[in-house]
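For reference, the structure discussed in these notes is given below.
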Amino acid sequence: METLNKPAILRRCRERFADTLLKAATSQGIRLPELLQALSDAAGATFDELSGIRNRREFEAKRSLTASRISLVHPEDMDLTVALINLSQKLTDRAERSLSSLHLRFMTLLEQDDADVAQLPIGPDAVCAALREMLDHDAMRGPGRLSFPAQAETALSNSLAELYVELDKLLEDAGVEQKSLLRTAGERAPFGGPGLERAAYNGSTVDGAAPLDAGPGIPGPLGALRSALWSRSASTGGDGPRAGIDPTLASAIADRVLGWLTEKQRDATAAGALNVGELNLLLPPASAVSLDALGRAFDVVLADARLCPALRPVLASLRVPLFKAALIAPGFLADATHPARQCLDALLGLAMSIDPRETESYAIVRSLREQSADFVAHFDRDLTAFEGFRGQLDALAAQHMATAVSRATALIPLAEREVRREQARRRAAQAVRALTVGDVPEPVRDFLEQLWVRVLATVLQTQGEKSPQWMQGLATADRLIWSMQPKTEPAARAELVAALPPLLEQLRQGLTLIGMPEAMREQVLNRFVAFHSAALRGRGMEDIAGFGIPRLAPPRVDTVTEHPGLRLVRLQPDAEAEPRAPDWIAALKVGDWLDIKLPDGSGARTRVAWLAGQARTLLVTHPHGDFAAIFPLRWLITQAQRGDAAGVPTSQVLEQAAAEAARRL
């Protein structure tokens, strides 16, 4: 494998990006050397600019979004602007999976902690920016200029697919890993808080200390906790590592300890109050410290506010059988395939997926209590008993999931409809950001970003991107920007006077389309009188008050008669860039669990049943009852910022608890 450093990798990617665009352009009949040179130069310049941007904030400050880079707000270029915006979106949709992987590797390569996929130096946005330069070349003027984006779509899509696979493999072979969207150990939120992330382990440390000896065969946070307890015992004058005792005596002591634990196991009260520290002087140090680590981690789980209260006694009753398993088979905690470890993971995963609001009336809670009680009553020292208990847990988990899964199947068509709504919003927002690049007067920017974006989203959803209504909506916005600019020449003033009546009528029709009340609509339109008067006098807008446009309405929760319990969370379109998703949201996938609170006050622990990648829409369902919700990802981000949404981990639960227990030492 060829060893490449960062400059060499970037140079290779830059060359292959330009070559790919040239190949696609040539396949579509572009032969003139000056056009091919313009495309090659633009591809390289775009790659260099985007490679030099380190984070999303810098990117947005430079307004280097594709929509801004490929937009020229002149009426004669509007059709081409729209065609390139559409091409960018289609290329993104087609390459969604490979783009995601490549974007994360480029984040690592460029040392970015926070980057939008639009920043990818070889992404669809960069492609369209380079194409714009070629299409604006004097040699490209003619009827083929406007049709080229649609004509080249298939060739570009196929060429980019090959390029992305090739470069993803190049980066992987060069050791460039995908950027983790999960927090590092130094960024972890307190256990049980709304910002809890899945722990990232690489020979775990405790509170930033040097890596600890994970102990014999126990990796990750549990091993780190065990090592910390071992070190603390030695440093405080405890027994720590001490010489072994006679094996026969050690075996007899262990047998007696197991018998004592069995007595505690039969007494629920005694089992819950058991302090394994009492065994420190009886057991070999390694066993005593392992039990202490397991007990501390388990206590963190039991105290977790997200755990269903009805299940706390169930989990508490299983502490003693697990202590016995740790004495009988010391390596079970390190062996993911051991029946006792698999049983423990299945138990904790199922417990964390159950809504805290559930009571014993829920069949799963009731069955789990009964089956756990039966296991505790009969378990002695045969660890194969965990296999049978694991089978029961798996059956309960399947039963728990059945309602949520079947409910989701029936709701997917509705979710797809909401996806189209969200796609229209995103495309409209992208178009408005493209139109408002540069020195656009603040009042008109406010109007377009707060009101006209809603008009564009409605038109796009109902009429489609190829409709004359969509083109007219963009042209009206472009013409409005032109109308607000100072007119110093008589010809320009005359043109503005002639253009105002039809322009205002188009604005009136658009605002009517989104249901704006007549009084409010006329109030907004009347404000244009002052702006246009200033433009006719050749003055700027600095001293004129804005529109006073009302801010966006709060999220709306709709219901569907045919699907009782379903909530549709709908937001007004707006032109603001989507806020950065917290790490746990960025990593969401089907099967993950969320605690959410809806704007109408309802809420539940729900399972992600379906999500659309680029459309950024989720469908979540509840395993008990008919509660379900469909909402845009941007709404979930807002709820998380308010503390009204949080991820609920159902895997590696013990490891996360062990990491928290170590931090509390």
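Every condition in (1) open to solvent by 50 Å² or more (accessible area, probe 1.4 Å); (2) at pLDDT below 65 is met by residue 67 except one, and the failing one is (1).
For every residue, the table says whether it meets (1) of a type outside the set (Gly, Ala, Ser); (2) loosely packed, with under 13 Cβ neighbours inside 10 Å.
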site: 353; (1), (2): no, no
site: 357; (1), (2): yes, no
site: 361; (1), (2): no, yes
site: 369; (1), (2): yes, no
site: 380; (1), (2): yes, yes
site: 384; (1), (2): yes, yes
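Against the list (1) under 25 Å from residue 87 (Cβ atoms); (2) open to solvent by less than 10 Å² (accessible area, probe 1.4 Å), the condition residue 459 fails is (2). Set side by side, the residues 405, 444 differ, and just one is crowded, with 17+ Cβ neighbours inside 10 Å and among the β-branched types (Val, Ile, Thr), which is 444.
Note on the range 277-334: residues that are touching a residue at least 60 places away in the same chain (Cβ under 8 Å), open to solvent by less than 60 Å² (accessible area, probe 1.4 Å) and part of a loop (DSSP other than H, G, I, E, B) amount to 3. None of 62, 90 is at pLDDT below 75, under 29 Å from the mean Cα position of the chain (by Cα) and of a type in the set (Lys, Arg) except 62. Considering each of 161, 129 in turn, give the residue that is touching a residue at least 40 places away in the same chain (Cβ under 8 Å), in contact with a helix residue (DSSP H, G or I) (Cβ under 6 Å, 6 or more places away or on another chain) and part of a helix (DSSP H, G or I). Matching residue, one of 161, 129: 129. For the range 379-409, the set of residues classified as in contact with a helix residue (DSSP H, G or I) (Cβ under 8 Å, 6 or more places away or on another chain) and not in a helix (DSSP H, G or I) consists of 379, 380, 381, 383, 384, listed by residue number. Among the residues making up the range 102-127, those that are over 26 Å from residue 149 (Cβ atoms) and among the polar types (S, T, N, Q) are 108, 112.
Filter the range 568-627 for residues that are of a type in the set (D, E, K, R), within 11 Å of the chain's Cα centre (by Cα) and surrounded by fewer than 18 Cβ atoms within 10 Å (Cβ to Cβ); which is modelled with the highest pLDDT?
Ranking the qualifying residues of the range 568-627, first place goes to 589.
Residues in the range 255-276 that are at pLDDT below 80 and either touching a Ser or Thr at 6+ places or on another chain (Cβ under 8 Å) or surrounded by 15 or more Cβ atoms within 10 Å (Cβ to Cβ) (or both): 268, 271, 272, 274, 276.
The single condition among (1) open to solvent by 40 Å² or more (accessible area, probe 1.4 Å); (2) under 34 Å from the mean Cα position of the chain (by Cα) that residue 153 does not satisfy is (1). Which one of the conditions (1) open to solvent by 10 Å² or more (accessible area, probe 1.4 Å); (2) out of contact with any Lys or Arg (no Cβ under 6 Å at 6 or more places or on another chain); (3) more than 30 Å from residue 539 (Cα to Cα) does residue 428 fail to meet, given that it meets all the rest? Looking at each condition in turn, residue 428 falls short on (1).
The conditions of being among the acidic types (Asp, Glu) and surrounded by 21 or more Cβ atoms within 10 Å (Cβ to Cβ) are not met by residue 416.
Among the β-branched types (Val, Ile, Thr) and surrounded by fewer than 20 Cβ atoms within 10 Å (Cβ to Cβ): does that describe residue 630?
No.
The values are calculated or read from the model by the stated rules, or taken from the named source; none is laboratory data. Computed from a prediction, not measured in an experiment: that's the story for all the values here. Quick reminder, even Gly has a Cβ in these numbers, built from the backbone with ideal geometry, and neighbours come from all protein chains shown. Ligands, DNA and RNA are excluded from the accessible area calculation, which covers all protein heavy atoms including side chains. Shrake-Rupley method; radii C 1.70, N 1.55, O 1.52, S 1.80 Å.
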